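Any read-out appearing in this document is the output of simple, stated calculations on the displayed coordinates, not a laboratory observation. From a predicted model like this one, the values you see are computed outputs, not experimental measurements. Virtual Cβ from ideal backbone geometry, glycine too; neighbours counted across all protein chains shown.
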């Protein structure tokens, strides 16, 4: 028997109010800005130049559109689930309702990988940009406190310094975790401010840079293929879409806040689809201006392609403004990831799959503070002592896996519960979910073998925990909650 959570039970949980439950404070606008906060990060400022220089040339704009279409398939499936089942937990909850507890555990454990390691990775990059920004004002953080113990820093005089720990990364993780404990409304306010700041700087770059576009840089718009798949031509545009696809990761975090939305049936689809639309428009305009200001070949040797483009203008101050936007962008990404992770743990704890402590809500702030504290420590340790390296790919493979299960879940639920109310319906089923599965699977296959090995190891650890603890403490297995009748077995 598959131990599933019935829809009527989930809807009953969604309707609960009072002490011990999460507080509904998020408007549709908050949900859209939450999605934008999670999506717009380093991808906009770094992946654009990388994809243009190595794969698509000026046609990186088309790559962004293709990547957005791939995300849209999964986004439409998320929107239907989030409007039907407005419960914290995202893909974990949806899998529990459609494919049973075991698959739900796998996806929940997978989301730990996505959000926790994602937040740690972004905090390490945040630290590096903070160091650059402070350098403008001749404020220096001792370099050994900006790197992990496994990294060396070569100073301007040639001296090599060994890293001790990354203190700025720990600082931002702890600050944002304390903010999340303080309350969702306050966190949403800060996130709105950060999103407005970074979007404003992106718009300034587009507006200022538009006047410095050299039309010759856009000719040819799709450079001729070199004879190798993925190096320019239409194959390069497609490969570029695979590169920039990861710049869209984050919109799924909106669905983790369903239980804190004022009107989730209306707000969740708006938040998910709205944030994808806004970010796609910004990405296309940004990449069009950047490849117009400088020839795409110039980005090949630069780790900061935006700086190459800005150098074509007389506005040196724009460099500082972009770094401020990146700091704001990273901060909002970390905030949303930490929030999403704690909400998934909150839901898994309520189901009995992890200890009860993580579903305890603060009496005053009505936030899952113990989950926030746990991940403040775990993510801080990772950010302080582990180098970045390949963690980004681990986050990507975890996210794509979640997308696949959500798309499959829509098809399963359309068969098992065809008459359930659906405030938002994914159009063109089964075409949309099948397309979402195929595109995400294609992205996963393109990732390196060592990333797959790490995913398998992580999942193996999760399975040990499931069979030694979660299965024994599962409330639905104990019959503590309502179970649907199974004609082959007696009622529990």
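Nearest 10 degrees is fine. How inclined is helix 369-385 to the longest principal axis of the chain, computing both from alpha carbons?
40 degrees
What's the FRET efficiency of residue 420 with residue 138 using the Cβ-Cβ distance as r and R₀ = 51 Å, to the nearest 0.05? Before the final figure, lay out the partial values.
Working: r = 62 Å, r/R0 = 1.21.
It comes to 0.25.
Using only Cα atoms, find the angle between the long axis of helix 101-112 and the longest principal axis of the chain, and express it within 0 to 90 degrees, rounded to the nearest 10.
30 degrees
Decide, for segment 194-328, between rounded, prolate and oblate: order the square roots of the alpha carbon gyration tensor eigenvalues as a ≥ b ≥ c, take rounded if a/c falls under 1.5, and otherwise choose prolate if a/b is larger than b/c, else oblate.
Oblate shape, in that a/c is at least 1.5 and b/c is the bigger or equal ratio.
For segment 112-229, take every pair of Cα atoms, bin their distances at 10 Å starting from 0, and report each bin as a whole percent.
10, 25, 26, 25, 14, 1
Mean residue ellipticity at 222 nm from the helices of the chain, using -39,500 (n - 2.57) per DSSP H segment of n ≥ 4 over the full residue count, to the nearest 500 deg cm²/dmol?
My calculation for the chain gives -19500 deg cm²/dmol from helical runs alone.
Could you please tell me the mean projected area of the C-alpha convex hull for segment 67-177, averaged over all directions and given in square nanometres to one decimal?
The number I arrive at for segment 67-177 is 10.6 nm².
Starting from the Cα of residue 65, step 7 Å along the direction of its Cβ; do the same at residue 461; then give the gap between the two resulting points in nm.
Placing both labels 7 Å beyond Cα along the Cβ direction yields 4.2 nm.
Quick one: P(r) of segment 25-478 from all Cα-Cα pairs, 20 Å bins, percents rounded to integers, in order of increasing distance.
25, 58, 16, 0
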